[in-house]
């Protein structure tokens, strides 16, 4: 099977969208520069609260990056549904759409307070979980689905060793940080540093999804 040039161009567009989405998703250091109080005492997610400077800028950034990922999932579905493993690709696309949708939802529907500490936030049905906690969890599950599907697809193609190793390392670090963030958010609430690491790793996962798919399409060498 020889993949057409149009497929390779579509994969390149997907890669560009993922790179841009990952960069925009990690625009939070700009917010810390604009709002020094958040740098010392708040979470990156607090930058989208209405009482923070340029909150609208970070909300728009999250929405734009989310739309880019949703567009990537749509491109992958229509261009590669018949050339790559359809089941794995479906889960990858669903993961991208989930992550994009719930990230945008979290940005457009801010909760009454920060995700940390969750137990002090206004709760839904008295369960102690804020809206941002729920949407963030669903977004993380979407990214997890996309990352696992990406690994499945990449392991079935002859990709360079470095991309396999890099993807495995970043994915492992992302899982560890995600679990640590969840534990700290539900216990001590001290998630400032771990959230920053998790955001960076999430952005890298997004970029790696686009890069792995591009290399798979470019190589066209299934095992």
Checking residue 187 against (1) under 20 Å from residue 69 (Cα atoms); (2) more than 15 Å from the chain's Cα centre (by Cα), the condition it does not meet: (1)
Residue count for region 178-191, restricted to those that are more than 16 Å from residue 139 (Cα to Cα) and crowded, with 17+ Cβ neighbours inside 10 Å: 3
Only one of 13, 59 is crowded, with 19+ Cβ neighbours inside 10 Å, at pLDDT 70 or above and part of a helix (DSSP H, G or I), namely 59
Given the options 216, 205, 194, name the one that is at pLDDT 90 or above and within 23 Å of residue 58 (Cα to Cα). 205
For residues that are farther than 26 Å from residue 65 by Cα and in contact with a helix residue (DSSP H, G or I) (Cβ under 7 Å, 6 or more places away or on another chain), tally how many sit in region 143-184. 4
Which one of these does residue 195 not meet: (1) in a helix (DSSP H, G or I); (2) over 15 Å from the mean Cα position of the chain (by Cα); (3) over 23 Å from residue 76 (Cα atoms)? (2)
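The values are calculated or read from the model by the stated rules, or taken from the named source; none is laboratory data. Remember, it's a predicted structure, so these values are computed and weren't measured experimentally. No Cβ is skipped: glycine too gets one built from the backbone with ideal geometry, and neighbour counts run over all protein chains shown.
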